[in-house]
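Single-structure report; data block below.
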Amino acid sequence: MAHPSMLLHRPLASLPSNAFFFLPATLALFTTLFILFYIFTTPSLFISHQHKHNLKYPLGPSQSSPLTPILPSNGSFHLSAKFPFNDVFGGEDGTVSPVSSRSHFGSKGNSMNDIDVFRDGDIFLEDYQQMNRSFKIYVYPHRRDDPFAHVFLPVDFEPGGNYASESYFKKALMNSHFITEDPRKADLFFLPFSIARLRHDRRVGGGGIQSFIRDYISNISTKYPYWNRTGGADHFYVACHSIGRSAMAKAEEVKLNAIQIVCSSSYFLPGYVAHKDASLPQVWPRTDDPPTITTSERKKLAFFAGAINSPVREKLVKFWRNDSEIYAHFGRLKTPYADELLGSRFCLHVKGFEVNTARIADSLYYGCVPIILANYYDLPFADILNWKSFSIAVVTVDIPLLKKILRGITSDEYSSLRGNVLKVRKHFQWHVPPIDFDAFFMVMYELWLRRSCIRMSND
């Protein structure tokens, strides 16, 4: 029989009648070989390009090998152990120090290897420096004798409560080097109204917020030229209370054009536009350093406590209420909430009225691996952090399989998850004043990513 390659070069009329039987097989063989060649060569091309960048995290003298992530992210990062801290995160050039000279990458964090928790750590660090050098925000001014000064101005006390993230952000921003009084230099414009404070104002209340926002936008668009130049596309507001998602009902241009930094960040909601808008982490404020406790001291497999205010929570409690390993509680706990988190290997974040609660930040603070039961949740900092490296998302239909899923995680996989929990929890904490890479700086980075590439003329 002739060799297949010879068949391809002979005139068709001269081929034997049975030769056409081999043509499809020959073509399939060549196609398969080409595909295999492409698969094995293309990744190396991408990796070789990314290897040109070094992930330059300052490390201490005692360096441990990186943890193996449970699900790999981008494995092409390198560490540069000999890179001075001030060259990246501070120093006399004012990149960080105007807000705070403290850092989580100092003596407490200098042995951390963060390559697994970032989607693209080298780009993040490079952009972070540029953000600190050049990013500018203009805030619409309001006098202290304004009848609604408490709505527009930052609080003069330590924020507290379940929706404190909104107040923490404004307080930190107004005292930061990101503020400019010259709108010509501004990358973005901040709409400083507080949804939470409007909700508690008897003159406005929950029913009057929509009209208040509509009138406010009308006022600034009449008094200033900046809103009308872009239709509000270079403006943003911040809100953590769930009522914020309906607050823009009478100001459609805010919902459609402005950047919404909100806690209730759900792909399922028509008023939230992923990539234009961003998720604000809901964090219960704590001033003490996060506690440390070993894995061996965590005796419970999983823990949840909360009101039964959604079908998802109802289903969870129905299946696991009386289980000996998964502790699913509703109502008031008999033991301190913190003790339950510290004593559990996994802590459940379960959708309530909204996809967001403070339980993810609670879990991270207490070193507990978060299990996320909230379909359609656009997680905070999802375009920066690799959530698969420190948490597990479970679709709500799999609640009956929860124990099987958790028990299927090996000890090495759990150690990797928990190790990354300890790395990322600094990004989910608020401080006064802010600390490098804490929640404030992470939100600022999200805003920086969404700034317009074109600065409009004031003329």
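The values are calculated or read from the model by the stated rules, or taken from the named source; none is laboratory data. Here the structure is a predicted model, which means the values were calculated and not measured. Because the Cβ atoms are built from the backbone with ideal geometry, glycine has one as well, and the counts that use them run over all protein chains shown. What goes into the accessible areas is simple: the full protein's heavy atoms, side chains included, and nothing from ligands, DNA or RNA. Shrake-Rupley method; radii C 1.70, N 1.55, O 1.52, S 1.80 Å.
Annotations
- Segment 383-398 and segment 410-431 have Cα centres spaced 13 Å apart.
- Sparse-neighbourhood loop sites, chymotrypsin sites (Phe, Trp or Tyr not before Pro) in segment 141-225 - DSSP loop, at most 12 other Cβ within 10 angstrom: F157
- Principal axis extents of the Cα atoms in segment 169-301, from largest to smallest and rounded to whole angstrom, are 62, 35, 32.
- Once both labels are positioned 7 Å from their Cα atoms along Cα-to-Cβ, the gap between S415 and A393 label points is 2.8 nm.
- Hull volume in cubic angstrom per residue (convex hull over the Cα atoms of segment 342-450): 114
- Linear extension gain, T335 paired with N228, 0.36 nm per residue minus alpha-carbon span: 33.1 nm
- Taking 7 Å steps out from each Cα toward its Cβ at A382 and K276 produces label points 1.7 nm apart.
- Between I405 and S211, the contour length at 0.36 nm per residue exceeds the alpha carbon distance by 65.1 nm.
- Label reach from I179 (point 7 Å along Cα→C-beta): in segment 222-244, amide nitrogens under 17 Å belong to 236-238.
- Farthest towards the positive end of the charge dipole of segment 150-237, among the residues N219, Y163, V151, is the Cα of N219, using unit charges on the Cβ of Lys, Arg, Asp and Glu.
- A Cα-only calculation for segment 398-450 places Rg and Dmax at 16.4, 44 Å.
- Amide N of segment 293-312 lying under 12 Å from the label point, which is placed 7 angstrom from the Cα of R321 along Cα→Cβ: 308
- A straight line joining the Cα centroids of segment 283-356 and segment 239-256 runs 30 Å.
- Taking all protein chains together, E446, E252 sort by accessible area into E252, E446, largest first [probe 1.4 Å].
- Against the empirical curve 2.2 N^0.38 Å, the C-alpha radius of gyration of segment 290-333 lands at a ratio of 1.33.
- Among the listed pairs K388/K423; K185/K426; K315/K423; K300/K334; K171/K388, those with a Cα-Cα distance over 23 Å are K185/K426; K315/K423; K171/K388.
- Each peptide in 427-440, 131-144 receives the mean, over its residues, of other Cβ atoms within 10 Å, and ordering these scores from highest gives 427-440, 131-144.
- 18 Å tail of the calculated P(r), segment 134-235, as % of Cα pairs: 52
- Residues with amide H under 5 Å from that of D277, placed H, sequence gap 5 or more: Q260
- Overall size of segment 227-379 from C-alpha positions, given as principal axis extents largest first: 59, 35, 23 Å.
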